[in-house]
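The values are calculated or read from the model by the stated rules, or taken from the named source; none is laboratory data. Just so it is clear, the model here is predicted, and its values are computed rather than measured. With ideal geometry, Cβ positions are generated from the backbone for all residues, glycine too; neighbour counts draw on all protein chains shown.
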Amino acid sequence: MLLVVDAGNTNVVFAVHDGATWRGIWRIATEPQRTSDEYAVWLLTLLSFSGLKPAEIDRTVIGTVVPAALYHLRRLCRDWFETEPLIARSNLDWGFDIRIDNPAEVGADRLLNTLAAHQAHTGPLVVIDFGTATTFDVVAEDGAYLGGVIAPGINLSIEALH
């Protein structure tokens, strides 16, 4: 089974996929100083409640926009699931072009959104992600990432009005 980790600015989301369906999805507040052991105690408990065993996890993927969290998430995968996680970064072969001047500046979240949107829909797309920040990204008809903008998220925008 595949363990997917999405570490955002507000939450870290863990999900397990068995090849056909999502077996569990859980979230915890993002705290970059949280150790791999702390994640393990929390996640192993949730896996157990869901009838899943750590030994069933044979692949792991991490996507993060919080570089400080990566070390402990990678250790979690190595130490507790005995896997070397695939780290979603702009230098991967995504199966689509990244058509901007500096691809290294694109966050993994935006590239993962591009991949998912193009797999789910045909034609050129605008992908909007309402997270801690709101992102607008343009996807070409062939699936290429063409760029986008980042704006304050809804909560930050609401706070700015007060």
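Structure notes:
- Pairs, first closer than 21 Å to Cys77 by Cα in segment 87-101, second in a strand (DSSP E or B) and of a type in the set (A, V, I, L, M, F, W, C), C-beta under 6 Å, six or more apart: Ile87/Ile62
- Among the candidates Asp109, Asp79, Asp93, the residue that is closer than 30 Å to Ala55 by Cβ and assigned by TED's automatic domain parsing to the domain that holds Leu44 is uniquely Asp79.
- For segment 1-12, a residue qualifies if it is crowded, with 16+ Cβ neighbours inside 10 Å, within 12 Å of the chain's Cα centre (by Cα) and part of a strand (DSSP E or B), and the qualifying residues are Leu3, Val4, Val5, Asp6, Ala7, Val12.
- Any hit, segment 121-132, residues being crowded, with 18+ Cβ neighbours inside 10 Å, assigned to a loop (DSSP other than H, G, I, E, B) and without any contact (Cβ under 8 Å) to a residue 60 or more places away in the chain: no
- Evaluation of Gly19 against (1) over 23 Å from Gln119 (Cβ atoms); (2) assigned to a loop (DSSP other than H, G, I, E, B) (one fails), failing number: (1)
- Asp142 assigned to a loop (DSSP other than H, G, I, E, B), charged (D, E, K, R) and not assigned by TED's automatic domain parsing to the domain that holds Trp42: yes
- Whichever residue in segment 65-113 is farther than 29 Å from Ala140 by Cβ and of a type in the set (Gly, Ala, Ser) and, among such residues, is surrounded by the fewest Cβ atoms within 10 Å (Cβ to Cβ): Ala68
- Residue check for Gly8: free of Cβ contacts under 8 Å to residues at least 40 places away in the same chain, not assigned by TED's automatic domain parsing to the domain that holds Asp109 and not β-branched (Val, Ile, Thr): no
- Asp58, sole failed condition from (1) in the same structural domain as Val13 (by TED's automatic domain parsing); (2) surrounded by 13 or more Cβ atoms within 10 Å (Cβ to Cβ): (2)
- Of all residues in segment 62-69, at least one satisfies being in contact with a strand residue (DSSP E or B) (Cβ under 8 Å, 6 or more places away or on another chain), among the polar types (S, T, N, Q) and closer than 17 Å to Val12 by Cα.
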